[in-house]
Amino acid sequence: MLYELFIALRHLRSKQKERFISVISLISIAGVALGVAALIIVLAVMNGFEHDLRDKILGNKAHLYVLGPGGSAIPGYQSLLNTLKETDIVAAAPFIEGQVILSTKYGTRGVVVRGIEPKLESKVTILPSQISSGSLDFKGRGILVGQELARELGLEPGDEVNIFSPRERDIPLDESTPVLAMVPQVDKFKVTGIFTSGMYEYDSSLVYVSLEEAQNLFHLPEAVSGIAVKIPNIYETSAIVSQIEEVLKGPYWVRTWKEINRNLFSALKLEKTVMFILLALIVCVAAFNIASTLIMIVMEKTREIGILKSMGSKARSIMAIFMFEGLTIGLFGVIIGLLGGLAGCEMLKRYQFVKLPSDVYYISTLPVKIDYTDVLTIVVAALCLGIISTLYPAWSAARLDPVRALRYE
């Protein structure tokens, strides 16, 4: 063992007359451990939020959407589906989407109606696996409603609902002057199933009907709002989009899952960055504690430093002693914080004892996903701060004049 390391470890050992310094050292270790553990847990939770939210969104929505110019309807969509099959996609499904008013004897809600073809939709999203009661069967003007909406309106499979949708009609102001106006059209549907997506926004405001019924509701015969597309890899959207645009050669608009949810994921990324900066301040404070601890040790060990220098120890050896002391404090703090952070993440993941309001956070429990790149970054950054905090106290110790140190001690 290097004698510098041996002396550094001896300095950190507790003696009765140096008990205060030992307590300060323990506080410094605790500060580093707390900062590292907090960073690991918080970043794991933020990663969990992003990962869980992305999975829920992509489970309910497609990876890509092919839309008409300006969001207009697409007539003759069958030829468009055949053209898309020539690209490297997994599946494609037509859909119609619009807003209506859904009414029952228990209340009225504004909802989004999505018309789909069940067989094609099951290849693009995971809707069939989300049905909690009933079935994905639109026979007899069936409708599929979200769990939260069913709870609010007291709906169960077999209940009837009314859907109010706008329709253009000639309304006469008098016998000779008809005026074209939008009037509500009432259609009766029967609840055939209830789905649970895990996202309050979808479960409370989204309903599904057959594509044919949606065409009747929104007066789009032989037309659709767009084509939902599933691709092999969600991180290779740019290449697939370029391929689709090249094949279609028409006034179509291709939107990706990233573009549709850009604001949401940008907010999550910004929040993660801010939380990292704020919690990193804890580690910075712990680094200052290490520096103050070393400064007190230098003041306490002035006589010993003078003796070592008079015996021939060089300035770099004296500096190494105190850098080893600071590094030891930092290393113990990082190890304890690393183990504590990983243990905390595992407890949150396994027991899920932190509950969240699903209407605010989209999910009901605190998600955890450990990114070991983040963990490595935290550990390295904490160790670097620990080393930096030792430089000034170690440099001050190395500059001590042995004659003055012994004379005044």
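The values are calculated or read from the model by the stated rules, or taken from the named source; none is laboratory data. On a predicted model such as this, the values are computed, not experimentally measured, just so you know. Here the Cβ is made from the backbone with ideal geometry for all residues, glycine too, and neighbour counts use every protein chain on show.
Worth pointing out:
- Residue match in region 213-230 (condition: within 14 Å of V90 (Cα to Cα), surrounded by fewer than 21 Cβ atoms within 10 Å (Cβ to Cβ), free of Cβ contacts under 8 Å to residues at least 12 places away in the same chain and outside the structural domain of V112 (by TED's automatic domain parsing)): no
- Which numbered condition A287 fails, given (1) crowded, with 20+ Cβ neighbours inside 10 Å; (2) over 19 Å from S22 (Cα atoms): (2)
- All told, L39 meets the bar of being under 28 Å from the mean Cα position of the chain (by Cα), farther than 30 Å from P221 by Cβ and of a type outside the set (F, W, Y).
- Looking across region 154-197, the residues that are at pLDDT 85 or above, exposed (fewer than 13 other Cβ atoms within 10 Å of the Cβ) and not in a loop (DSSP other than H, G, I, E, B) come down to V186, K188.
- Looking across L270, L264, L278, one residue alone is more than 30 Å from E325 (Cα to Cα), surrounded by 12 or more Cβ atoms within 10 Å (Cβ to Cβ) and not acidic (D, E). It is L264.
- Remark: pairs (first residue in region 39-64, of a type in the set (F, W, Y); second residue in a helix (DSSP H, G or I) and surrounded by fewer than 20 Cβ atoms within 10 Å (Cβ to Cβ); Cβ separation under 7 Å; 6+ apart in sequence or on different chains) = F49/L268.
- Evaluating A343 against the criteria (1) modelled with pLDDT of 85 or more; (2) in contact with a helix residue (DSSP H, G or I) (Cβ under 7 Å, 6 or more places away or on another chain); (3) small (G, A, S) leaves one unmet condition, (2).
- Residues that are crowded, with 22+ Cβ neighbours inside 10 Å and of a type in the set (V, I, T) were ranked within region 93-110; the one that is farthest from the chain's Cα centre (by Cα) is V100.
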